[in-house]
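Participant: Following this message is one structure expressed as structure tokens.
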Amino acid sequence: MILQSAPIPLLRQPAILSVAVAYALITAGIGAWGWWRTRNAVDFFVAGRRLGPVTLALAAMAASLSGFTFIGGPGLLYSVGLGALLIFLPASITNCLSAWVLAKRLRLLAEARGVVTIPEAIGVRYRSRAAQALAAVAILVAIVGYLATNLLALGLVIDALFGTGRSLGIWIGTAAVLAYTAGGGILAGVYTDVFQGCVMALASVLVFLAALKTGGGLAQISTTILAKQPGFLGPWGALTPLAALSFFFVFGVGVLGQPHVLHKFFMVKDPLRLRWYPLLMTFAMVLTLLLMFGVGLTIKAQVLRGDLPALARPDDATPLFLLRYAPSLLAGILFAGVAAAIMSTVNSFLNIGAAALVRDLPRALARPLSAELSSGRLATLAIGAAAALVAQASGSLVALLGVFGWGLFASTLVPALAIGLCWKGGTRTGALASIGVGLLGTLAGETLASLGAFRLPSGVTVSGASLLLALATYLIVSRVSRRGDPDLDPDVRLVMES
Amino acid sequence: MKGLCLGVLAIGLAYGLAFLPGQAAALSPWLMVAGIVALLLSLIVLGVRRPGRALPRAVLIGMVFLLLVVGGGFAAALVLPGETAGSPLWLGLPRRVALLVYGIGLLPALVLPLCYALSFDSAVLNRADLDKLRSELAELASRRDDRTT
């Protein structure tokens, strides 16, 4: 990717080096503090249930936005036009949606039953170990892909900064995240996320302002693009309306199945303080998403003006902007922002992956582990190492795995979790069927589509179709399997009705 | 639940029509917009509704707002003419994109969190409800413990 297009390691630029070192030291310091504070499995998996609304919002924002926001997003906008924005536009709605549908119920379920993972919540809701195990498997499958793509991106950032080479960069990046995630679990993770979220928001706002200044203001940028390529500034860009709207559907509804974000609701200290969570989270997200919009548009305008050659790789948009137009201090802050976006996502995935391995699967098999803290640390190391190995196999495998992530979470978890925790008519059979259909539909669909075995009409995506199929399966199977389904546990019923 | 089923049906039809040639496929985006709006609104109702209580006014306002902004914004983007070199700009963006970016991307970010916060006591949780729930949960737990011993 383009971060390698820098002719010399950016380390040789003092301002960038200073920011990179300061970022690394602060992250390491917070990680060490988190490790020191982690004393048991509740600390390790749900941060001791001590989070306030600001910490929750910043940590959830940092976890939900990966390196794609800063690198892939502007590149996608540059290549397909404003239709790409429909991936991010739902952010203005989704935080309220997840708060209304899930935040309170997950937090209260944690209080009633000591639930600390999303598969555990599903298992408790349906009184089903099989549903818990299947959800854990779905999460583990999706995590491997997500982690591998993020660790690959982190390796590229480290290579660009320090000239280590991609392979070594991946191992260094993995070791850095594991150093605090394996020791301090999610407790270290959320507080580094808070710092990293601030870095991301700051970097995004500064780069957005610099981009507008470079392009001569938003009106000037639009006028330039409209004169040469008006379709780019249409609401769907180069996409068909259905394709762009499919983005909105998958990313708007799919947010209710993203375990690395929803997991944070278990960590809230006082459920009454959820009142301001959507406002804080939405504000932080909007700030952090400005970069994609500003850089994607400005680079397009500069290319159309002839100030830049057309990009060979759309992902070059952000690094090219930084190397060409941004002062080195700003470039340093943004590289720290990219690293922060990746590391905050990676540590969340490592933690929920470890929880699936040492808590969900053993409990689902009626073999709970006695030493969940030490097992969780070992599982974190193992998952990190496995994902780094996959990331080394750069190319189509990693790209394919990366595609799975969001869609797989959405299709497997939205029906059984989001609808299931609100609708008492959802049944155990419906949950199992929908998780199975989501898992198989996404895996088989994405794999066969990537092999060219079939081609969907423009606008119909595998992730959208799988989510739709899983929703329909849950509703239909729940209707027909209601007789014989076990009653809800009384405490779960109370939580659902609360 | 009816709204949820209708939303799923509309999106299913949108995808299904995309496989057909000609004019039928032109309906797909409209069905997708209808499906998305129906799904979002039904999920909110599903999340907020509590036995024996009406939906709070702030939530209803938020839902009407969402219907107008998302449904209206996408409908306008589908209906209004395309951009040309001389298209007028609204706050620096062509009209259709401005409706999406400022309408769907920014306005709900200001309005919905306020609706959530203002209706929190009645639609989500308040101190009395939380205390009642905690005492009921404690009672259930003690009954469970009694049965175990």
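The values are calculated or read from the model by the stated rules, or taken from the named source; none is laboratory data. Here the structure is a predicted model, which is why all the values come from computation and not from measurement. Using ideal geometry, Cβ is built from the backbone for each residue, glycine included, and neighbour counts are taken over all protein chains shown.
Participant: Looking only at residues in the range A:226-236 that are more than 21 Å from residue B:73 (Cβ to Cβ) and more than 8 Å from chain B (Cβ to nearest Cβ), which one is surrounded by the fewest Cβ atoms within 10 Å (Cβ to Cβ)?
Facilitator: A:228
Participant: Please tell me if residue B:81 is at the interface with another protein chain (Cβ under 7 Å from one of its Cβ atoms), of a type outside the set (A, V, I, L, M, F, W, C) and on the phi < 0 side of the Ramachandran plot. Can you show your working first?
Facilitator: Numbers: at the interface with another protein chain (Cβ under 7 Å from one of its Cβ atoms): no; of a type outside the set (A, V, I, L, M, F, W, C): yes; on the phi < 0 side of the Ramachandran plot: yes.
The answer is no for residue B:81.
Participant: Would you mind finding the one in B:52, B:86, B:82 that is in contact with a Pro (Cβ under 8 Å, 6 or more places away or on another chain) and in a loop (DSSP other than H, G, I, E, B)?
Facilitator: On the way: B:52 fails: in contact with a Pro (Cβ under 8 Å, 6 or more places away or on another chain); B:86 fails: in contact with a Pro (Cβ under 8 Å, 6 or more places away or on another chain).
After applying the criteria, what remains is B:82.
Participant: Right, something else. Considering A:141, A:101, which residue is outside any loop (DSSP other than H, G, I, E, B) and away from chain B (no Cβ under 14 Å)?
Facilitator: Working: A:101 fails: away from chain B (no Cβ under 14 Å).
From the options A:141, A:101, the qualifying one is A:141.
Participant: Going residue by residue through the range B:5-14, is there one that turns out to be surrounded by fewer than 20 Cβ atoms within 10 Å (Cβ to Cβ), over 16 Å from residue A:456 (Cα atoms) and either touching a residue at least 40 places away in the same chain (Cβ under 8 Å) or facing another protein chain (nearest Cβ under 7 Å) (or both)?
Facilitator: yes
Participant: Could you check the range A:72-85 and list, in sequence order, the residues that are touching a helix residue (DSSP H, G or I) at 6+ places or on another chain (Cβ under 8 Å) and more than 8 Å from chain B (Cβ to nearest Cβ)?
Facilitator: Keep residues of the range A:72-85 that are touching a helix residue (DSSP H, G or I) at 6+ places or on another chain (Cβ under 8 Å), which gives A:72-79, A:81-85.
Across the range A:72-85, the qualifying residues are A:72, A:73, A:74, A:75, A:76, A:77, A:78, A:79, A:81, A:83, A:84.
Participant: Then there's this: Of everything in the range A:279-295, what is closer than 13 Å to residue A:54 by Cβ and either surrounded by 24 or more Cβ atoms within 10 Å (Cβ to Cβ) or more than 10 Å from every other protein chain (Cβ to nearest Cβ) (or both)? Give them in sequence order. Give the derivation first.
Facilitator: The first filter runs over the range A:279-295 and keeps only residues closer than 13 Å to residue A:54 by Cβ, leaving A:279-281, A:283-284.
Hits for the range A:279-295 are A:281, A:284.
Participant: On to the next question. Among the residues of the range A:263-278 satisfying the criterion of being aliphatic (A, V, I, L, M) and in a helix (DSSP H, G or I), which is surrounded by the fewest Cβ atoms within 10 Å (Cβ to Cβ)? Step through it out loud before you land on a result.
Facilitator: Filtering the range A:263-278 down to residues aliphatic (A, V, I, L, M) leaves A:267-268, A:272, A:274.
Subset that is in a helix (DSSP H, G or I): A:267, A:272, A:274.
Values: A:267: 25, A:272: 16, A:274: 21.
Result: A:272.
Participant: Tell me yes or no: at least one residue of the range A:68-79 is surrounded by fewer than 24 Cβ atoms within 10 Å (Cβ to Cβ) and modelled with pLDDT of 85 or more.
Facilitator: Yes: one or more hits.
Participant: Here is a list: B:48, B:97. Which entry is under 29 Å from residue A:212 (Cβ atoms), within 8 Å of chain A (Cβ to nearest Cβ) and not basic (Lys, Arg)? Write out each step before concluding.
Facilitator: Details: B:48 fails: under 29 Å from residue A:212 (Cβ atoms).
Every option except B:97 fails the conditions.
Participant: While we're here: In the range A:476-496, how many are more than 10 Å from residue A:426 (Cα to Cα) and of a type in the set (Val, Ile, Thr)?
Facilitator: Total satisfying the criteria: 3.
Participant: For the range B:105-149, give me the residue count where each residue is β-branched (Val, Ile, Thr) and touching a residue at least 12 places away in the same chain (Cβ under 8 Å).
Facilitator: Of the residues in the range B:105-149, the ones β-branched (Val, Ile, Thr) are B:111, B:124, B:148-149.
When the remaining residues are screened for being touching a residue at least 12 places away in the same chain (Cβ under 8 Å), the result is B:111, B:124.
Qualifying residue count for the region: 2.
Participant: Being within 23 Å of residue A:331 (Cβ to Cβ) and of a type outside the set (A, V, I, L, M, F, W, C) is the requirement here; does residue A:316 meet it? Walk me through it before giving the result.
Facilitator: Details: within 23 Å of residue A:331 (Cβ to Cβ): yes; of a type outside the set (A, V, I, L, M, F, W, C): yes.
It is true that residue A:316 is within 23 Å of residue A:331 (Cβ to Cβ) and of a type outside the set (A, V, I, L, M, F, W, C).
Participant: Pull up the range A:287-319, narrow it to residues that are closer than 18 Å to residue A:341 by Cα and among the hydrophobic types (A, V, I, L, M, F, W, C), then point me to the one that is modelled with the lowest pLDDT.
Facilitator: Restricting to residues being closer than 18 Å to residue A:341 by Cα and among the hydrophobic types (A, V, I, L, M, F, W, C), the top hit is A:317.
Participant: If you don't mind, another one. Need at least 1 residues that are within 11 Å of chain B (Cβ to nearest Cβ) per element, so show me which helices (runs of 4 or more DSSP H) inside the range A:386-494 make the cut, counting only ones lying wholly within it.
Facilitator: Details: elements: A:396-413, A:428-450, A:462-480.
The qualifying helices (runs of 4 or more DSSP H) are A:462-480.
Participant: Here's another thing I want to ask about it. Only one residue in A:290, A:311 is outside any helix (DSSP H, G or I), touching a Phe, Trp or Tyr at 6+ places or on another chain (Cβ under 7 Å) and not basic (Lys, Arg), so which one is that? Break it down stepwise before answering.
Facilitator: Working: A:290 fails: outside any helix (DSSP H, G or I).
After applying the criteria, what remains is A:311.
Participant: Still on this structure: Can you tell which of A:58, A:85 is under 30 Å from residue A:233 (Cβ atoms), buried (at least 24 other Cβ atoms within 10 Å of the Cβ), under 22 Å from the mean Cα position of the chain (by Cα) and at pLDDT 85 or above? So that I can check it myself, show each step before the final result.
Facilitator: On the way: A:58 fails: under 30 Å from residue A:233 (Cβ atoms).
Being under 30 Å from residue A:233 (Cβ atoms), buried (at least 24 other Cβ atoms within 10 Å of the Cβ), under 22 Å from the mean Cα position of the chain (by Cα) and at pLDDT 85 or above holds for just one of A:58, A:85, which is A:85.
Participant: Tell me which of these residue B:105 doesn't satisfy, since it passes every other one: (1) among the small types (Gly, Ala, Ser); (2) over 30 Å from residue A:222 (Cβ atoms); (3) under 17 Å from the mean Cα position of the chain (by Cα).
Facilitator: For residue B:105, the failing item is (2).
Participant: If we scan the range A:162-172, do we find a residue that is within 17 Å of the chain's Cα centre (by Cα), aliphatic (A, V, I, L, M), surrounded by 23 or more Cβ atoms within 10 Å (Cβ to Cβ) and at pLDDT 85 or above?
Facilitator: Looking only at the range A:162-172, we keep the residues that are within 17 Å of the chain's Cα centre (by Cα), and these are none.
Among the residues of the range A:162-172, not one is within 17 Å of the chain's Cα centre (by Cα), aliphatic (A, V, I, L, M), surrounded by 23 or more Cβ atoms within 10 Å (Cβ to Cβ) and at pLDDT 85 or above, which makes the answer no.
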